[in-house]
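Colleague: Pasting a structure below so you can have a look.
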Amino acid sequence: MASFESVEVKEGVDQETVDAVRDVGGAYKYGWETDIEMEYAPKGLNTDIVKLISGKNEEPEWMTEWRIKAFNRWGKIGEPKWSMVNYPEIDFQDQYYYARPKSMVEKPKSLDEVDPKLLATYDKLGIPLKEQMLLAGVEAGNDAEQGERKVAVDAVFDSVSVGTTFQKELKNAGVIFCSISEAIKEHPDLVKKYLGSVVPITDNYYATLNSAVFSDGSFVYIPPGVRCPMELSTYFRINAENTGQFERTLIIADKGSYVSYLEGCTAPKRDTAQLHAAVVEIVVEEDAEVKYSTVQNWFPGDEDGNGGIYNFVTKRADCRGDRSKVMWTQVETGSAVTWKYPSCILRGNESQGEFYSIAITNNHQQADTGTKMVHLGKNSKSRIVSKGISAGFAQNTYRGLVSMHPKAKNSRNYTQCDSLLIGDKCGAHTVPYIEVKNNSSRVEHEATTSKVDDDQLFYCRQRGMDEEEAVALVVNGFCKDVLQALPMEFAMEAQQLVAISLEGSVG
Amino acid sequence: MLKIKDLRVNLEDENKEILKGVDLTVEAGKVHAIMGPNGSGKSTLSYVLSGKEGYEVIDGTVTLNDNDILEMEPEERASAGLFLAFQYPVEIPGVGNMTFLRTAVNAQRKARGEQEISATDFLKQVRERAKSLQIDSEMLKRPVNVGFSGGEKKRNEILQMAMLEPKMCILDETDSGLDVDAMKLVAKGVNSLRGAGRGFLVITHYQRLLDHIKPDVVHIMANGRIVKTGGPELALEVENNGYSEILSEVA
Ligand SMILES: Nc1ncnc2c1ncn2[C@@H]1O[C@H](COP(=O)(O)OP(=O)(O)OP(=O)(O)O)[C@@H](O)[C@H]1O
Ligand SMILES: [Mg+2]
């Protein structure tokens, strides 16, 4: 099938991976916390809290009503139980639904005014929030010309967006990239038109909850014919304790446009679990193309399974126009529990959806993840490549739906689903659902499960690598097809993560 | 260089004795060949020397330059200079041959407290050494041994050996599966590494490899022991008469 041009992984990256792992020493390296004064809404969830969140964001009335509608709906439905994850019952009334740094109460007008503690947080995480200043000429030198690729960042800290870089340059290209709370105020027509049009408020328990209480997130609009001049990215950081994080991301690629979007996430180490329920909606119009890459590295809990993030996420792309394309790439290494199925609605004729996934679970982590490819348009194509790696006591499930509707004539799907087991106390499961309702479409599904091969490890060790280097190398090889689908910046990070998250899984 | 004394080894799972008292010393700069019937324990010896799991050493000692290696992890033995060219090289899907080589070279350098090799030096060395083994750049980019022909895998082992510059090289049937020309290439590769205080232990069934890599000493292994040791003429004797005469002689 015609596919997106893939990005090559640099030769020798594996060595750097190994070095990085050694430097980190195996710990979850984002587990520290920022000591900052916070403002909380009272614990628990009711109409008043929903109104309060809406009020804090200075939202127009239509938005408040939208939220309340979602909240009322949420009260009437129950949590889904069909996935292969087990976790103690979540007390939704024992959570904070809104937390923001006090310094963000008066929203800073530019990044210069942002609380240095917040800036330092992102600096420590390695997230470049400086680029804007660099452009504004605050920083001397001509670093920008050293051939580095620019990445615009929207940084979300607990419930609020701290700032978005490169806004001016993007604006010149006609691209809107800002926090969703800002978009609701500044671009209400676009938000009204598209919000909830891909993931309706009635969609599922967590999406409904998110619709009621989402605090912030990113908004992207690429106008017709525009190729976004740089990668866009959002970096989510949960800092506050006992606080759920509910981001909402809305990306609209208008006719013939292109954008590549990256999402990263981390959280401090805590011994109580934390809830994260995000919604991502992507609208892809005629001839437009969106690449959405995630490196999910929420705190996974400790070796004994205490703490960690419960990650219940609804991500969906609607390929509305003919020849529209979307590509999801995810590297899921964090979270105690992951429940996530980035999906493609292939409505347009000749539309294309791709899903590349690496899900790594170690210790007591559980992941139930996969995708849905819903073929509605003629000659639509989809491709699924899933690599699940399980170590320790972890459980890893691939759950995927491929559905060919009667009108989706001559459509194609190819699914490749590989599982790798490290040790004998973990599990891998593959649950494919396939529905084909016309006779000209074709669905291919291949699945393998294997154990990490002792002979391969011995071979690497005989050449001088220690056991963990050997595992990192072999597992990175196993994931190669997916790593290659990531943008360069993320490919490096992802390779390192693969290695780090498997620390302690052998020997 | 390599001193093996009365080495006795059981299979861990089965309590079955495979090596029944092996004595062997390879001096620096010398090439020793081991021949012997199928199943006599040659590969087992090479695995035990390099530290593969699944074997239990019940008696004996092995030292490399006077260091006891039986207590070392496989990677420590590798960094100490022990190299095994496998009888059946393993495939590692998705890992580029170059990446693998560089990771290995640097892992050993680090373990020895040396600086990492620079990217340019590494490339230069690989190209040069690959060329003399007629390994093309296409093969260097492919995943380690995946889809390589039998002969290509063996040449790749020799390339790794050339890059890692070990002190003590064990070659387990590197000649099997090689065509005549490839055998000459491999022999050339080995011969160019000869000398410089490097020891070789070449396991083979055939005289034809030893035509190209002239051994200093030839051992015959049978039923878990070295039963006879001699000069290059011993290999010729095997070639002409098989093992039965030698075995009945020592029985
Ligand atoms: N893991 C194992 N399980 C069972 N038997 C084993 C195992 N490893 C080795 N053996 C046995 O030990 C003996 C020695 O095997 P080894 O592979 O060392 O022989 P070899 O001399 O290398 O033979 P060849 O010339 O055929 O390569 C054989 O009888 C073999 O079946
Ligand atoms: Mg053998």
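Colleague: Based on this model, can you work out whether B:G29 counts as within 16 Å of ligand 2 (Cβ to nearest atom) and part of a loop (DSSP other than H, G, I, E, B)?
Modeller: So B:G29 does not fit the description; no.
Colleague: So, one more: From B:H219, B:H205, grab the single residue that is outside any helix (DSSP H, G or I), at pLDDT 95 or above and within 16 Å of ligand 2 (Cβ to nearest atom).
Modeller: Values: B:H205 fails: at pLDDT 95 or above.
Sole residue among the options that is outside any helix (DSSP H, G or I), at pLDDT 95 or above and within 16 Å of ligand 2 (Cβ to nearest atom): B:H219.
Colleague: Still on this model: So which residues in segment B:103-126 are more than 12 Å from chain A (Cβ to nearest Cβ) and small (G, A, S), if there are any at all?
Modeller: Scanning segment B:103-126 gives a single hit, B:G113.
Colleague: Moving on to the next point. Any idea which residue in segment B:17-41 is nearest to the chain's Cα centre (by Cα), counting only those that are within 18 Å of B:E237 (Cβ to Cβ) and within 12 Å of ligand 1 (Cβ to nearest atom)?
Modeller: Per the criteria, the residue is B:I34.
Condition check ((1) buried (at least 23 other Cβ atoms within 10 Å of the Cβ); (2) away from ligand 2 (no atom under 16 Å from the Cβ); (3) of a type in the set (A, V, I, L, M); (4) at pLDDT 95 or above) across all residues:
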| site | (1), (2), (3), (4) |
| --- | --- |
| B:M1 | no, yes, yes, no |
| B:T61 | no, yes, no, yes |
| B:E71 | no, yes, no, no |
| B:P74 | yes, yes, no, yes |
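Colleague: Shifting gears a bit: Scan segment A:322-350 for residues that are within 13 Å of the chain's Cα centre (by Cα) and among the hydroxyl-bearing types (S, T, Y) and jot them down.
Modeller: Residues satisfying the conditions are A:T329, A:T333, A:S335, A:T338, A:Y341, A:S343.
Colleague: For segment B:240-251, give me each residue that is more than 16 Å from ligand 2 (Cβ to nearest atom) and surrounded by 15 or more Cβ atoms within 10 Å (Cβ to Cβ).
Modeller: B:I246, B:L247, listed by residue number.
Colleague: Turning to a different aspect of this structure: In segment B:41-59, how many residues are away from ligand 2 (no atom under 16 Å from the Cβ) and at positive phi?
Modeller: The qualifying residues number 1.
Colleague: In the set B:L234, B:L209, B:L171, B:L193, which member is touching a residue at least 12 places away in the same chain (Cβ under 8 Å), more than 15 Å from ligand 1 (Cβ to nearest atom) and either within 14 Å of another protein chain (Cβ to nearest Cβ) or closer than 25 Å to B:I135 by Cα (or both)?
Modeller: Just a single option satisfies the conditions, and that option is B:L193.
Colleague: Can you name every one of the helices (runs of 4 or more DSSP H) wholly within segment A:168-258 that holds 3 or more residues which are closer than 20 Å to A:Y97 by Cα and touching a strand residue (DSSP E or B) at 6+ places or on another chain (Cβ under 6 Å)?
Modeller: Hits in segment A:168-258: A:205-213.
Colleague: So, one more: Looking at segment B:147-163, is at least one residue within 16 Å of ligand 1 (Cβ to nearest atom) and aromatic (F, W, Y)?
Modeller: no
Colleague: Can you list the strands (runs of 3 or more DSSP E) lying wholly within segment B:39-100 that have 2 or more residues being within 7 Å of chain A (Cβ to nearest Cβ) and in contact with a Phe, Trp or Tyr (Cβ under 8 Å, 6 or more places away or on another chain)?
Modeller: Counting at least 2 such residues, we get B:92-96.
Colleague: Of all residues in segment B:139-185 being β-branched (V, I, T) and within 16 Å of ligand 2 (Cβ to nearest atom), which is surrounded by the fewest Cβ atoms within 10 Å (Cβ to Cβ)?
Modeller: B:I170
Colleague: I'm told B:R129 meets every condition in (1) within 11 Å of chain A (Cβ to nearest Cβ); (2) under 23 Å from B:T174 (Cα atoms) except one. Can you identify the failing condition by its number?
Modeller: Evaluating B:R129 over (1) within 11 Å of chain A (Cβ to nearest Cβ); (2) under 23 Å from B:T174 (Cα atoms) leaves (1) as the failure.
Colleague: Considering each of A:E281, A:E350, A:E354, A:E303 in turn, give the residue that is free of Cβ contacts under 8 Å to residues at least 40 places away in the same chain and either closer than 20 Å to A:L401 by Cβ or not in a strand (DSSP E or B) (or both).
Modeller: Every option except A:E350 fails the conditions.
Colleague: Filter segment A:431-462 for residues that are within 29 Å of A:G348 (Cα to Cα) and either touching a Phe, Trp or Tyr at 6+ places or on another chain (Cβ under 6 Å) or within 11 Å of chain B (Cβ to nearest Cβ) (or both) and give the result.
Modeller: Within segment A:431-462, A:E444 is the sole residue that qualifies.
Colleague: Hey, another quick one. Looking at (1) buried (at least 16 other Cβ atoms within 10 Å of the Cβ); (2) touching a residue at least 40 places away in the same chain (Cβ under 8 Å), find the lone condition where B:K228 falls short.
Modeller: Every condition holds for B:K228 apart from (2).
The values are calculated or read from the model by the stated rules, or taken from the named source; none is laboratory data. Worth saying up front: this structure is predicted, and the values here are computed from it rather than measured. Methodologically, a virtual Cβ is constructed for each residue, glycine included, from the backbone with ideal geometry; neighbour enumeration extends over all protein chains shown.
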